[in-house]
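In what follows, a single structure is set out as structure tokens and then discussed.
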């Protein structure tokens with residue numbers, strides 16, 4: 001689980017990210033990101049009922065996204081707010097593929113430090 005200080009969970013923060021953040025598109029995910037005032041990278045997740053009607057399936061995907069983000073968090077540049085929005089095609093990915101997609105996205109966004 002992500003530490004509470006590193007979660008984007010307040011409604012106003014999510015709305016601000018959606019309206020003013022930059023967007024990075026992948027076939028399975030959309031990532032909204034912006035610089036925040038804290039010296040921490042904060043991550044939030046959205047898996048809507050458009051992805052799947054079953055809450056069990058949505059929560060499993062959310063848990064996979066949360067764990068992949070937790071693994072990568074130490075290698076991300078501090079000072080960013082990220083909102084990871086899942087698409088229906090993300091259900092077909094295994095955990096390792098999801099992790100690879102996030103590494104690719106974060107590298108392209110230039111916020112991933114690991115060489």
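Run residue 90 past the list (1) buried (at least 18 other Cβ atoms within 10 Å of the Cβ); (2) under 12 Å from the mean Cα position of the chain (by Cα) and report the number of the one that doesn't hold.
Result: residue 90 passes all but (2).
Here are the criteria: (1) modelled with pLDDT of 95 or more; (2) loosely packed, with under 12 Cβ neighbours inside 10 Å; (3) farther than 15 Å from residue 105 by Cα. Tell me which single one residue 25 does not satisfy.
Unmet for residue 25, out of (1) modelled with pLDDT of 95 or more; (2) loosely packed, with under 12 Cβ neighbours inside 10 Å; (3) farther than 15 Å from residue 105 by Cα: (3).
Do the conditions hold for residue 98, that is, is it surrounded by 16 or more Cβ atoms within 10 Å (Cβ to Cβ), within 20 Å of residue 4 (Cβ to Cβ), touching a helix residue (DSSP H, G or I) at 6+ places or on another chain (Cβ under 9 Å) and at pLDDT 95 or above?
On the way: surrounded by 16 or more Cβ atoms within 10 Å (Cβ to Cβ): yes; within 20 Å of residue 4 (Cβ to Cβ): no; touching a helix residue (DSSP H, G or I) at 6+ places or on another chain (Cβ under 9 Å): yes; at pLDDT 95 or above: yes.
No; evaluated as a whole, the condition is false for this residue.
Given the conditions (1) modelled with pLDDT of 95 or more; (2) crowded, with 18+ Cβ neighbours inside 10 Å; (3) more than 14 Å from the chain's Cα centre (by Cα), which single one is not true for residue 33?
Failing condition for residue 33: (3).
When the residues of region 36-54 are filtered to those that are modelled with pLDDT of 95 or more and loosely packed, with under 11 Cβ neighbours inside 10 Å, which remaining residue is nearest to residue 89 (Cα to Cα)?
50
The values are calculated or read from the model by the stated rules, or taken from the named source; none is laboratory data. Treat the numbers as computed from the prediction; the structure is a model and nothing was measured. Glycine also receives a Cβ, built like all others from the backbone with ideal geometry; neighbour counts cover every protein chain displayed.
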